[in-house]
Protein chains: 4
Amino acid sequence: MTTLLLTGYEPFGEYETNPTSRLVEALDGTKTGEATVVGRELPVVFDDALPALRGYLEEHEPVAVLSTGLMPGRAVLTVERVGINVRDYDGVPDNTGAEPVDQPVDLEGPDAYFATLPVRELVEELQAVGVPARISNTAGTHLCNNILYATRHHIETNGLSIRSGFVHTPFSHEQVARRGTDDPSMQFETMRTGIETMLRYLATTHE
Amino acid sequence: MTTLLLTGYEPFGEYETNPTSRLVEALDGTKTGEATVVGRELPVVFDDALPALRGYLEEHEPVAVLSTGLMPGRAVLTVERVGINVRDYDGVPDNTGAEPVDQPVDLEGPDAYFATLPVRELVEELQAVGVPARISNTAGTHLCNNILYATRHHIETNGLSIRSGFVHTPFSHEQVARRGTDDPSMQFETMRTGIETMLRYLATTHE
Amino acid sequence: MTTLLLTGYEPFGEYETNPTSRLVEALDGTKTGEATVVGRELPVVFDDALPALRGYLEEHEPVAVLSTGLMPGRAVLTVERVGINVRDYDGVPDNTGAEPVDQPVDLEGPDAYFATLPVRELVEELQAVGVPARISNTAGTHLCNNILYATRHHIETNGLSIRSGFVHTPFSHEQVARRGTDDPSMQFETMRTGIETMLRYLATTHE
Amino acid sequence: MTTLLLTGYEPFGEYETNPTSRLVEALDGTKTGEATVVGRELPVVFDDALPALRGYLEEHEPVAVLSTGLMPGRAVLTVERVGINVRDYDGVPDNTGAEPVDQPVDLEGPDAYFATLPVRELVEELQAVGVPARISNTAGTHLCNNILYATRHHIETNGLSIRSGFVHTPFSHEQVARRGTDDPSMQFETMRTGIETMLRYLATTHE
């Protein structure tokens, strides 16, 4: 059986909800082609996110990992090209209060890893089904970048054959309505369609 | 029978579609409470929009007019507070090529008119149903401002008892996906929910 | 003797300084052509700003009033086209803690007044001397809009022959450097050049 | 004699001027502490920029390289943290018309290199002298990223002991005034002060 691991994050900072937490809950256990989706929420804790993810890799042996996270201010789904070896809290402490500045994700690791998902093809698939999307060249320096880099580093240093990458989402429409701001946002079902579209592409292009 | 007039605009400038054209088509003929919605598309032509709208007022005798238009760059539904006595093409000619600069909408009219729709209540209604929304203090100086001002001026100078106002929409998700940009956008069904919510509020608060 | 009144605002909200306070101090008493500049700081208090300005009008009998204020987020000098009859604190209380919502500036006043300064010519003058500038169609609903509207209303209802208008400035470079943000900003001397350019234009076009 | 190499770029795309071209011309031959600045303009040509820079390294044997480039839309000086192994024209062809998509800068190179300039210290130095500045985590995928990555790769693969990095500038005030837009910008003299401040810091912290 082919498994795809989908991760999201718990709420953090001033945000009471996180659409990526709902996404993994909604898609956990669903099928796409011959693959089964395992959806899991990760903690917004620099030191705990990778250990949690490693546990899911061992338990489920997925052929690909698609991690997702909320980036306030983004207006479209952004497929990240690269994760860098930096932990910087940039004004938003993690959920244990950690505030790293210019720390490495891994002391021995290289400066950066490219995602091994086909980022351009994924963006084209998304746009083809009417989901706004773009390639992004920075995942920031927070938890999202952290898991993108750390997952790739783990896969690389353990000689695993798993494709992995990261997608940032905007706020959901409901979040912005509740906050009463005019931040960019995306309808939750459209995000879900987007994630399903990417998972299907990953399932069908799996060697 | 109580009638609500809903207007949208045809496509303009570099944009091949206009979500407000689809909105009026989708809602034309629907019922909200005891009111019937008349949905009509207006031309993006400075000199033709008001005459078209005047015709619909005479034909359908609505108790309220809700006009809508696309504002590229807006991220939420923005309920406009005021229309000003200015026509300025601001770099985007109308669909006949007209390029007015600092012209008045009406030579005799006052500097501006407030919308007579309850703008704050409408924003609160929208947010309550999960539709991102805000009050806006500028409808620009293009067709949208033009119809907001001209409708109010027509109502005022003819002693009519019709509430009127204007709502700007973002791009739809599909538009941004097709354009391949990272502009803010809103799902079309969410816009539709928003417009229906406002029409229902106008129907129920009609004296 | 011909006098031009230049007003700025004291600091407000979270901002420790206000470049428009420095501007009026720097330009008070200077000459431009045959005119003398009277530079005065106004309080960021909805109920006190107009009375203060009225006092300066009576004392100095200027032929024109150029009011200025800081608008965080603006990237260029924006010459305001219109002031509207609204006081809304929009999340930032004034310096006495007042938080008006959808209140009028003047109970009897019209919905809005256009500035009587030549806004397009001023923008062209600014751009010609290398100062970034644009026409703006909204001065917001805070103190800046308040003084723009109230000054025009006072002039109009008292039959005075004084041109008046408003210009918003970005943050100064120093402010953004001190705040450590990446907000747009303008060098203080460039703002000063801009204000002097506008005052000179007003002095030379005075009938 | 200690030499610091400062590079800028020629104009590109729709932009008739490039403030970084003026910066290198203005600072070429100046002294900072005991170091001499060599200022050189690079071509906006993917295949020619590194060869040109390599020539300057051989000729002048600098202890550090500070490269600069214009990034339309940036509002402050942004000190880049990382260059990635990607050439993507992203809609703006280089000055020979080249339009690479997802190409590597170097076929054999690693995914990315961190700048070896002290990015956080440089930002703090800039802010301390009133120059708006921030760390950036993406230099894009155009010429600027290209030279940041390629310079580091050249230094690394040749065992040289030269610190290198990249700083993006906003438009100059004059550029935005001439273009008539409301893009963020920075006064040219402030940029110059910023570059001088960074060069001085590099000169004094040189081992």
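The values are calculated or read from the model by the stated rules, or taken from the named source; none is laboratory data. Keep in mind that what you see is a predicted model, and the values were worked out from it rather than measured. So basically every Cβ, Gly included, is an ideal-geometry build from the backbone, and we count neighbours across all protein chains shown. For accessibility, only protein heavy atoms count, side chains too; no ligands or nucleic acids. Shrake-Rupley method; radii C 1.70, N 1.55, O 1.52, S 1.80 Å.
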### Task
Scan segment D:174-197 and report the pairs whose first residue is within 23 Å of D:LEU66 (Cα to Cα) and whose second residue is open to solvent by 30 Å² or more (accessible area, probe 1.4 Å) and part of a helix (DSSP H, G or I), with Cβ atoms within less than 8 Å and a gap of 6+ or a chain change.
D:GLN187/C:GLU189; D:PHE188/D:ARG22; D:PHE188/D:GLU174; D:ARG192/D:ALA26; D:THR197/D:GLU125
### Query
Can you tell which of A:PRO93, A:PRO72, A:PRO62 is open to solvent by less than 10 Å² (accessible area, probe 1.4 Å) and more than 14 Å from chain D (Cβ to nearest Cβ)?
A:PRO62
### Message
Given the criteria surrounded by fewer than 20 Cβ atoms within 10 Å (Cβ to Cβ) and within 14 Å of chain D (Cβ to nearest Cβ), does A:GLU156 qualify?
### Response
yes
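Given the condition out of contact with any strand residue (DSSP E or B) (no Cβ under 8 Å at 6 or more places or on another chain), within 14 Å of chain B (Cβ to nearest Cβ) and part of a loop (DSSP other than H, G, I, E, B), answer yes or no: does some residue in segment C:79-90 qualify?
Yes, segment C:79-90 contains at least one residue that is out of contact with any strand residue (DSSP E or B) (no Cβ under 8 Å at 6 or more places or on another chain), within 14 Å of chain B (Cβ to nearest Cβ) and part of a loop (DSSP other than H, G, I, E, B).
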### Message
Of the conditions (1) closer than 22 Å to A:ASP102 by Cβ; (2) part of a loop (DSSP other than H, G, I, E, B), D:GLY97 satisfies every one except a single condition; which number is it?
### Response
(1)
### Task
Say whether the condition of being crowded, with 20+ Cβ neighbours inside 10 Å, closer than 19 Å to B:ASP47 by Cα and within 12 Å of another protein chain (Cβ to nearest Cβ) is met by at least one residue in segment B:127-139.
yes
### Query
Do we find that B:VAL167 is within 8 Å of another protein chain (Cβ to nearest Cβ), open to solvent by less than 50 Å² (accessible area, probe 1.4 Å) and modelled with pLDDT of 95 or more in this structure?
no
### Task
Would you please list the contacts, defined by Cβ atoms under 9 Å and residues six or more apart or on different chains, that run from a residue in segment B:130-159 that is acidic (Asp, Glu) to a residue that is in a loop (DSSP other than H, G, I, E, B)?
B:GLU156/B:GLY109; B:GLU156/B:PRO110
### Query
Do we find a residue being buried (at least 24 other Cβ atoms within 10 Å of the Cβ) and in contact (Cβ under 8 Å) with a residue 60 or more places away in the chain anywhere in segment B:106-114?
no
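Would you call C:GLU41 part of a strand (DSSP E or B) and without any contact (Cβ under 8 Å) to a residue 40 or more places away in the chain?
The answer is yes for C:GLU41.
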### Query
Among the residues of segment B:58-78 satisfying the criterion of being within 15 Å of B:ILE162 (Cα to Cα) and not in a helix (DSSP H, G or I), which is nearest to the chain's Cα centre (by Cα)?
B:SER67
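Quickly run through segment B:43-52 and pick out the residues that are of a type outside the set (Val, Ile, Thr) and surrounded by 19 or more Cβ atoms within 10 Å (Cβ to Cβ).
B:PHE46, B:ALA49, B:LEU50
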### Query
Looking at segment D:160-207, which of its residues are farther than 20 Å from D:THR7 by Cβ and touching an Asp or Glu at 6+ places or on another chain (Cβ under 6 Å)?
D:VAL176
### Test: A:LEU107 is away from chain D (no Cβ under 13 Å) and assigned to a helix (DSSP H, G or I)
no
### Message
So, A:GLY55, is that one open to solvent by less than 40 Å² (accessible area, probe 1.4 Å), free of Cβ contacts under 8 Å to residues at least 12 places away in the same chain and not in a loop (DSSP other than H, G, I, E, B) or not?
### Response
yes
#### Entry: Failed condition for B:ALA26, given (1) touching a Lys or Arg at 6+ places or on another chain (Cβ under 7 Å); (2) farther than 20 Å from B:GLN175 by Cα
(2)
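Residue-by-condition table, conditions (1) at pLDDT below 95; (2) within 9 Å of chain B (Cβ to nearest Cβ); (3) open to solvent by 10 Å² or more (accessible area, probe 1.4 Å); (4) more than 18 Å from A:LEU27 (Cβ to Cβ):
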{"position": "A:ARG152", "(1), (2), (3), (4)": "no, no, yes, yes"}
{"position": "A:ILE162", "(1), (2), (3), (4)": "no, no, yes, yes"}
{"position": "A:PHE171", "(1), (2), (3), (4)": "no, yes, no, yes"}
{"position": "A:ARG178", "(1), (2), (3), (4)": "no, yes, yes, yes"}
{"position": "A:PRO184", "(1), (2), (3), (4)": "no, yes, yes, yes"}
{"position": "A:GLN187", "(1), (2), (3), (4)": "no, yes, yes, no"}
{"position": "A:THR193", "(1), (2), (3), (4)": "no, no, yes, no"}
{"position": "A:ARG200", "(1), (2), (3), (4)": "no, no, yes, no"}
{"position": "A:HIS206", "(1), (2), (3), (4)": "yes, no, yes, no"}
## Note on the structure
Of the conditions (1) closer than 25 Å to C:ASP28 by Cβ; (2) among the β-branched types (Val, Ile, Thr); (3) outside any loop (DSSP other than H, G, I, E, B), the single one that C:ILE135 does not satisfy is (1)
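Would you call B:THR116 modelled with pLDDT of 95 or more and either within 11 Å of another protein chain (Cβ to nearest Cβ) or part of a helix (DSSP H, G or I) (or both)?
Against the criterion (modelled with pLDDT of 95 or more and either within 11 Å of another protein chain (Cβ to nearest Cβ) or part of a helix (DSSP H, G or I) (or both)), B:THR116 qualifies.
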